[in-house]
Amino acid sequence: MAFNINVNGNPHSVDVDADTPLLWVLRDVLGMTGTKFGCGMALCGACTVHIDGIATRSCITTVDSLGESKVTTIEAIGTTAAGAAIQKAWLDHEVVQCGYCQSGQIMSASALLASNPHPTDADIDDAMSGNICRCGTYVRIREAIKLAAQ
Amino acid sequence: MRNDRIAYRGTGSYVSEKSLSRRSFLQAGAAIGGGFMLSLSLPFANGEAGATEPQGFAPNAFVRIDANGQIFLTMPYVEMGQGTYTAVPMLIAEELEVSLDQVRLEHAPPNEKLYANPLLGVQATGNSNAMRGAWKQMREAGATARMMLVAAAAKEWGVDPNACRAQDGEVIHTDSGRRLKYGALAASAANMPVPQDITLKSPADFTLIGTPVKRLDTPAKVNGTAVYGIDARPPGVKFATVAQSPVFGGRLKSVDDTAAMAVKGVRQVVRLNDAVAVVADHMGAAKKGMEALQIEWDDGPHASLSTEDIAGELEKATLGPGAVAQNIGDADKAIAGAATKVEATYQLPFLAHATMEPMNCTVDFRKDECEIWIGNQAIARVQAMAAEAAGLPVEKVIVHNHLIGGGFGRRLEADGAVRAVEIAKQVEGPVKVVWTREEDIQHDMYRPYWFDRLSAGLDETGKPVAWKNRFAGSSIVARWAPPVFKDGLDSDSTEGAIKLVYDLPNFHVEYVRVEPPGIPTAFWRSVGPSHNVFVTESFIDELAAAAKQDAVAYRRALLDKSPRARAVLDLAAEKAGWGQPLPAGSGRGVSLQFVFGSYMAQVAEVEVAKDGSVRLRRVVCAMDCGTAINPDTVQAQIQSGIIFGATAALHGEITLKNGRVEQTNFDTYQMLRINEAPAIEVHIVKSSEPPGGMGETGTSAIVPAIANAIFAATGKRLHKMPADPNILKQPT
Ligand code: FES
Ligand code: FES
């Protein structure tokens with residue numbers, strides 16, 4: 001059956017099975033490839049999006065669970081204050097290496113900053129430890145979140 | 001990679017750098033469509049062994065200046081996150097006297113002859129050598145173009161070129177103040193003779209090299225617009241996922257696809273000899289279809305293979321003779337006469353690469369040609385192997401290379417492309433084959449398992465007078481570039497085990513090549529040194545302990561002939577507060593290496609809990625990598641390498657049981673996460689030596705630093721990695 005979902009303020013109708021993970025709807029059906037696949041089991045954070053502002057792993061979020069919720073992806077996170085601040089800090093601080101994990105890192109970090117404007121190290125650990133970076137950019141991620149929080 | 005291996009060009013012939021004059025690798029002329037074009041032919045890309053001049057000029061890198069003064073650079077390297085796309089343009093811009101934003105990069109198409117990396121000799125970016133290969137040639141290209149632009153301006157004004165200078169994309173006549181922009185000079189510069197004597201800037205005059213410039217590839221990576229191989233979407237693309245025989249070398253016996261074909265969106269089930277793929281409208285359907293398949297495998301000859309079998313074979317091999325990699329003096333005799341004898345064996349596990357971007361490749365197989373979208377470190381290899389799988393001539397295979405979501409050696413291999421071609425041959429239209437994480441971890445090509453047997457003799461003062469090492473494991477080079485494996489040796493497998501920085505009067509190292517059955521091996525970030533530096537630096541630490549001496553002072557006493565090594569050791573020790581007290585259960589460990597052309601010392605600080613779990617708190621790293629072209633990138637690469645190596649030291653292990661890889665996803669093959677990440681300090685020694693590699697050095701150095709720190713904290717020496725909490729936990 002078809003599901004009506006709202007992504008970055010735009011309505012979409014997608015005809016997929018009810019248990020299809022949002023990740024594949026975004027990437028393959030809608031062609032929004034900024035959200036990445038890393039594990040498919042909520043273990044790496046590469047697929048993180050916001051659902052009503054909450055950082056959520058799209059690889060285990062089924063399309064039928066969305067209802068009226070608003071999905072925000074990396075493609076639109078720059079339109080939020082926290083997202084823009086995080087993106088700028090990421091560039092100013094040269095966080096990125098291969099970049100593949102960074103969509104997810106930025107989505108997790110901007111959700112953290114939106115709900116907690118001055119996160120401590122422990123807050124950062126809590127919010128960000130679900131996001132793996134195989135390139136090991138953790139030191140700079142931590143510094144950049146603090147930079148964005150200033 | 002060092003010179004004995006670098007000249008391999010895929011044809012089995014070798015050529016030495018000095019036999020090629022500059023004229024033979026640089027040509028200038030008009031660009032098609034106007035402007036100025038400089039074509040470079042990097043050494044080793046053409047010419048036959050022993051030839052003094054190459055037969056015909058085959059450029060493999062291009063610098064083009066158009067009428068607007070925009071500079072285009074085509075180069076044979078891949079961006080994997082290591083900053084190459086920024087650092088190479090810096091080299092050109094420095095000598096050309098333009099700002100970095102005037103240089104724009106264009107992707108190089110796959111052409112083995114034209115785009116060979118001068119160090120690897122085949123078109124590949126790996127082994128920390130992108131900058132080492134580009135360092136001289138790219139600056140010379142920039143200087144040549146600059147001199148020709150100056151000559152063109154001088155001719156136009158009727159003045160002496162020496163009275164003119166280049167600055168900010170213009171040529172200026174110093175006395176009259178007349179100026180002409182490069183864009184206006186591009187056409188006439190094309191007709192100037194190529195200067196035979198070019199002067200490169202002295203390091204003191206560098207304005208770009210050595211400064212922390214911003215990366216050029218980053219903005220697209222923070223807003224979701226960067227396109228990796230997995231993001232390729234040719235029109236009409238379908239999505240597939242694959243299950244390969246869980247035992248390497250096994251075969252597909254039967255598959256029942258009734259339930260899978262009933263899944264909404266599933267289009268087709270593709271059967272191969274040793275794999276099954278499900279093709280669908282999207283990956284969600286493909287995965288669901290895959291779960292619904294009933295597959296029976298014929299496990300083949302390795303059905304009962306385990307890691308212990310392989311380790312046992314390697315251990316046995318270290319009892320027999322190997323190929324002598326280096327010999328100094330008479331180690332046997334010196335050990336026999338030594339006051340103290342120390343013996344140890346070490347083992348390192350198989351490791352997966354686990355790049356964040358899982359293996360993937362998109363293929364459109366048409367009747368007489370094949371188009372491929374992929375992110376790979378060696379696209380010419382992809383093209384050649386894909387052509388073979390497709391049954392097409394190489395020139396009928398079009399490869400589009402993309403950004404790489406992590407390489408680490410995994411994407412020097414073309415197995416993923418071959419698999420995708422096999423599937424695409426049965427599919428109408430383009431198909432994107434994406435491996436699940438489970439497939440990616442269970443069908444990687446792994447860092448080899450290693451077994452090492454060492455012995456040493458100490459004199460009555462504790463000083464080492466003899467060192468012996470015989471180690472056994474797989475040679476990647478023997479498979480990847482067969483002619484480079486000679487007399488039982490290759491310089492990758494031995495790097496870090498021989499030519500040590502330490503002055504050891506009697507020294508003997510042998511390598512026994514043993515290819516494990518039933519598990520493929522491949523280069524893995526920091527390659528040979530990922531194994532050898534752990535062993536060497538653990539053993540020297542054991543010797544210091546046997547001599548009851550301080551680990552830093554013990555190493556330092558052996559470094560009279562290696563002042564650059566001593567300098568980084570001193571610097572790391574000082575910055576780390578070596579010798580200052582730590583709380584109980586904590587310890588510091590040191591490591592020192594000279595690999596990939598760079599010197600590095602690291603001090604790791606760990607805390608070992610009662611339950612044996614290890615917390616890596618802090619890492620201090622001192623490095624002399626010659627000229628640091630972009631110091632910020634060097635810092636970032638070291639931080640990255642340290643996390644990668646620490647992940648291996650604390651968590652990394654791939655094991656086989658019943659022929660199957662036991663680990664599946666990030667729950668069983670764990671990565672270091674931000675809450676476990678140490679504080680990292682990197683200190684770079686200022687140097688104007690040619691640049692050394694730095695993408696991998698952090699990885700090899702951290703593993704022994706951690707093991708040595710664990711020894712300092714607990715008194716327990718780790719002879720096998722990763723660190724095992726069961727060995728380290730305190731009795732209750
Ligand atoms: S892909 Fe969703 S958490 Fe890894
Ligand atoms: S930047 Fe490469 S995985 Fe994070």
Inset, instruction - Please report the orientation-averaged projected area of segment B:348-415, defined via the convex hull of its C-alpha atoms, in nm². - result: 4.8 nm²
Legend entry - Residue-level accessible surface for A:Asp52, protein heavy atoms, 1.4 Å, Å²: 90 Å²
Inset, instruction - For segment B:558-701, count the residues as N, evaluate 2.2 N^0.38 Å, and divide the Cα radius of gyration by that value, please. - result: 1.15
Inset, instruction - For n ≥ 4 DSSP H runs only, could you compute -39500 (n - 2.57) per run for the protein assembly as shown, divide by its residues and tell me the 222 nm figure to the nearest 500? - result: -8500 deg cm²/dmol
Legend entry - Value of relative contact order over chain B, rounded to a whole percent, pairs C-alpha under 8 Å and six or more apart: 13 percent
Legend entry - Cα centroid of segment B:672-716 to Cα centroid of segment B:458-501, whole Å: 22 Å
Legend entry - Evaluated over segment B:135-214, the Cα radius of gyration and Dmax, each in Å: 13.2, 40
Legend entry - Relative frequency of Cα-Cα separations exceeding 16 Å in segment A:22-105, percent: 51 percent
Inset, instruction - Using the Kirkwood radius over Cα pairs, work out the Stokes-Einstein diffusion coefficient for segment A:77-149 at 20 °C and 1.002 mPa s, in µm²/s as a whole number. - result: 183 µm²/s
Inset, instruction - Could I have the simple spin-label model distance between B:Thr258 and A:His118, label points 7 Å from Cα toward Cβ, reported in nm to one decimal? - result: 6.6 nm
Inset, instruction - List the relative contact order of segment A:2-72 as a percent without decimals, with contacts defined as Cα pairs under 8 Å and 6+ residues apart. - result: 38 percent
Inset, instruction - Using only Cα atoms, find the angle between the long axis of helix A:102-115 and the longest principal axis of chain A, and express it within 0 to 90 degrees, rounded to the nearest 10. - result: 80 degrees
Inset, instruction - Quick one: order B:Met671, A:Met32 from most to least accessible surface, probe 1.4 Å. - result: A:Met32, B:Met671
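Among rounded, prolate and oblate, which fits chain B when a ≥ b ≥ c are the square roots of the eigenvalues of its C-alpha gyration tensor, a/c under 1.5 means rounded, and a/b larger than b/c means prolate?
Oblate, since a/c reaches 1.5 and b/c is not below a/b.
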Legend entry - Heavy-atom SASA rank of A:Lys88, B:Lys610 (probe 1.4 Å, accessible area, largest first): B:Lys610, A:Lys88
Inset, instruction - For segment B:546-599 and segment B:329-388, compute the distance between their C-alpha centroids and round to whole Å. - result: 30 Å
Inset, instruction - Take B:Lys720, A:Lys146 and sort them by solvent-accessible surface of the protein heavy atoms, 1.4 Å probe, largest at the top. - result: B:Lys720, A:Lys146
Legend entry - Nearest 10 degrees, 0 to 90: helix A:81-92 Cα axis against chain A principal axis: 50 degrees
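Does segment B:620-732 classify as rounded, prolate or oblate by the C-alpha gyration tensor (a ≥ b ≥ c root eigenvalues; a/c under 1.5 gives rounded; else a/b over b/c gives prolate, otherwise oblate)? Present the calculation step by step, with values, prior to reporting the outcome.
Working: a/c = 2.49, a/b = 1.69, b/c = 1.47.
It is prolate, given that a/c is not under 1.5 and a/b is the larger ratio.
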Inset, instruction - Any chance you could run the full-extension gain for B:Lys341 through B:Glu106? It's 0.36 nm times the residue separation minus the Cα-Cα distance, nm to one decimal. - result: 78.8 nm
Inset, instruction - Provide the solvent-accessible area of B:Val222, counting protein heavy atoms only and rolling a 1.4 Å probe, rounded to the nearest 10 Å². - result: 10 Å²
Inset, instruction - Rounded to the nearest Å, what's the spacing between the alpha carbon centres of segment A:76-150 and segment B:648-666? Just the number, please. - result: 30 Å
Legend entry - Solvent-accessible surface (1.4 angstrom probe) belonging to B:Val227, in square angstrom, nearest 10: 70 Å²
Inset, instruction - Give me the Kirkwood hydrodynamic radius of the protein assembly as shown, using the inverse of the mean 1/r over all pairs of distinct Cα atoms, in Å to one decimal. - result: 28.6 Å
Legend entry - Formal net charge of residues neighbouring A:Met128 (Cβ-Cβ distance under 14 Å; K, R +1; D, E -1): -1
Legend entry - Relative contact order %, segment A:77-149, counting alpha carbon pairs below 8 Å whose residues are six or more apart: 44 percent
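The values are calculated or read from the model by the stated rules, or taken from the named source; none is laboratory data. Quantities reported herein were computed from a predicted structural model and do not represent experimental measurements. Methodologically, a virtual Cβ is constructed for each residue, glycine included, from the backbone with ideal geometry; neighbour enumeration extends over all protein chains shown. All accessible areas refer to the heavy atoms of the entire protein, side chains included, with ligands and DNA or RNA removed. Shrake-Rupley method; radii C 1.70, N 1.55, O 1.52, S 1.80 Å.
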